[in-house]
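What follows is a set of notes on a single structure, which appears directly below.
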Amino acid sequence: MLKLMPMNVYDVAAQQARMEDQAARGWFATSVPGIFFLAVFEKGEPKAVRYRLEPAPVKESRPDPERLAAYRAMGWEYVDTSGKSMHLWRCDDPEAPELHTDPETEAQAYDRLFRRHRKVTQFWAAITALLAVLAIQTLLTDRTLFTWRVEEWQPLWREAAYWGFLLALALAAFQQWWSLRRYLRLLRAGVPAPHGRPYRLACWLSVAVMLLWGFYIASLCADMADPRSRPFEPAETIDAPIPYVTEQGRNSVQALHWDNWLTTDQWWTFEGMGGWETENRYYRLRFPWTADDLVDSILADYEEKGWPVTAWQVPGLDEAWVSTRSDYGYWFLVIRLGDQVWSISTGTTEPTVELAERYAAVLAEFQ
């Protein structure tokens with residue numbers, strides 16, 4: 001039977017205490033694969049059993065025959081190796097001596113494991129730092145990226161799954177490093193390390209990490225199954241309040257509610273009947289301080305495309321900008337009121353201050 005173990009294989013005292021308590025209930029560890037915080041147990045007659053974890057030499061997936069024979073002579077039987085890093089031994093004889101009685105000698109074996117783990121941790125920390133620097137540099141130098149992030153279909157629950165996954169990885173890495181460091185510090189000081197300690201909190205952490213990982217995998221599956229295009233719906237069939245300005249009436253407006261974790265409300269509306277053709281994106285930012293960033297990002301996108309922008313002063317608005325694409329006859333308005341941003345494009349009507357005031361009235365209504 002599979003049973004949950006503490007999330008950190010290097011939390012030696014907790015791992016051993018968990019297996020010994022299970023043996024007292026009649027469940028004996030037979031395999032510790034070292035993945036998903038699980039171990040394999042077999043049912044038997046309850047009794048007191050000692051389990052001990054011992055660092056494995058580099059690239060040793062099983063103890064050599066000499067060690068197996070020497071430990072068997074002391075009363076210890078080999079059980080399994082967890083992740084090619086820790087050998088698991090079992091002793092049914094309460095009178096048998098411990099595997100290690102000299103803490104400083106035992107520390108030397110853990111030194112190799114600690115150095116190896118530290119190198120791996122440093123490698124991934126360097127990769128993470130490099131990715132963070134590249135991400136920050138991109139955000140600072142390419143302002144148009146923010147518009148893309150806001151307009152991406154990325155629900156809040158999916159973003160939470162992503163960050164939860166990163167948090168789980170960070171927590172697991174820190175727990176492994178800290179537990180191994182604490183255990184090794186005792187041995188180096190000549191103090192025998194405890195063979196057991198409370199493990200229930202560590203097991204609950206295992207559950208939490210597994211749930212976060214499962215949540216992330218589910219989000220990846222949902223992303224793969226998510227359609228890449230979504231249809232507009234007639235605004236008149238939608239009960240939710242929709243921010244829009246129309247010349248032909250509500251029945252001529254097509255609307256699509258957009259889901260993105262950076263916005264609490266986002267609408268994409270389109271009207272293309274008669275002489276009034278518009279395509280608008282309305283955003284209410286989840287973090288109000290990002291509204292200015294979104295405006296800057298949209299304007300930067302226009303400027304990169306060669307569409308000049310001009311600032312306007314419009315009553316009732318914090319910001320208003322107008323741009324044009326003369327080759328196609330398109331005009332653009334970008335307006336902001338508080339945490340609301342509206343990007344308006346029209347192909348047949350030249351934006352005027354009066355038109356901007358009509359949009360300002362809608363923003364005031366939704367504020």
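The values are calculated or read from the model by the stated rules, or taken from the named source; none is laboratory data. Being a predicted model, the structure only gives us computed values, none of them experimental. With ideal geometry, Cβ positions are generated from the backbone for all residues, glycine too; neighbour counts draw on all protein chains shown. In case anyone asks, the SASA skips ligands and DNA or RNA and just uses the protein heavy atoms, side chains included. Shrake-Rupley method; radii C 1.70, N 1.55, O 1.52, S 1.80 Å.
Key figures
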{"item": "Checklist (1) touching a helix residue (DSSP H, G or I) at 6+ places or on another chain (Cβ under 8 Å); (2) not in a strand (DSSP E or B) applied to Val362, failing item", "result": "(1)"}
{"item": "Test: residue in segment 59-73 that is assigned to a strand (DSSP E or B), among the charged types (D, E, K, R) and over 32 Å from the mean Cα position of the chain (by Cα)", "result": "no"}
{"item": "Yes/no for Ala23 being part of a helix (DSSP H, G or I), among the hydrophobic types (A, V, I, L, M, F, W, C) and touching a residue at least 12 places away in the same chain (Cβ under 8 Å)", "result": "yes"}
{"item": "Subset of segment 28-77 (residues that are of a type in the set (Val, Ile, Thr), in contact with a strand residue (DSSP E or B) (Cβ under 7 Å, 6 or more places away or on another chain) and open to solvent by 30 Å² or more (accessible area, probe 1.4 Å))", "result": "Thr30, Val40"}
{"item": "Filter result (touching a strand residue (DSSP E or B) at 6+ places or on another chain (Cβ under 9 Å), among the polar types (S, T, N, Q) and either in a loop (DSSP other than H, G, I, E, B) or modelled with pLDDT of 90 or more (or both)) within segment 311-351", "result": "Gln313, Gln340, Ser343, Thr348, Thr349"}
{"item": "Top-ranked residue of segment 80-139 - restricted to ones that are in a helix (DSSP H, G or I) and hydroxyl-bearing (Ser, Thr, Tyr), ranked as modelled with the lowest pLDDT", "result": "Thr138"}
{"item": "Residues satisfying the stated conditions in segment 177-206, i.e. open to solvent by less than 20 Å² (accessible area, probe 1.4 Å), of a type outside the set (Phe, Trp, Tyr) and not in a helix (DSSP H, G or I)", "result": "Ala193"}
{"item": "Looking only at segment 235-250, and only at residues there that are more than 36 Å from the chain's Cα centre (by Cα) and on the phi < 0 side of the Ramachandran plot, the one that is least open to solvent (accessible area, probe 1.4 Å)", "result": "Val245"}
{"item": "Hey, Ser297 of a type in the set (S, T, N, Q), closer than 24 Å to Asp265 by Cβ and not in a helix (DSSP H, G or I) or not", "result": "no"}
{"item": "The listed residue being part of a helix (DSSP H, G or I), buried (at least 19 other Cβ atoms within 10 Å of the Cβ) and among the aromatic types (Phe, Trp, Tyr), out of Phe174, Phe165, Phe215", "result": "Phe165"}
{"item": "Residue satisfying all of: in segment 55-75; of a type in the set (A, V, I, L, M) and within 27 Å of Arg181 (Cα to Cα); modelled with the lowest pLDDT among these", "result": "Val58"}
{"item": "Checklist (1) in contact with a helix residue (DSSP H, G or I) (Cβ under 8 Å, 6 or more places away or on another chain); (2) touching a residue at least 24 places away in the same chain (Cβ under 8 Å) applied to Phe287, failing item", "result": "(1)"}
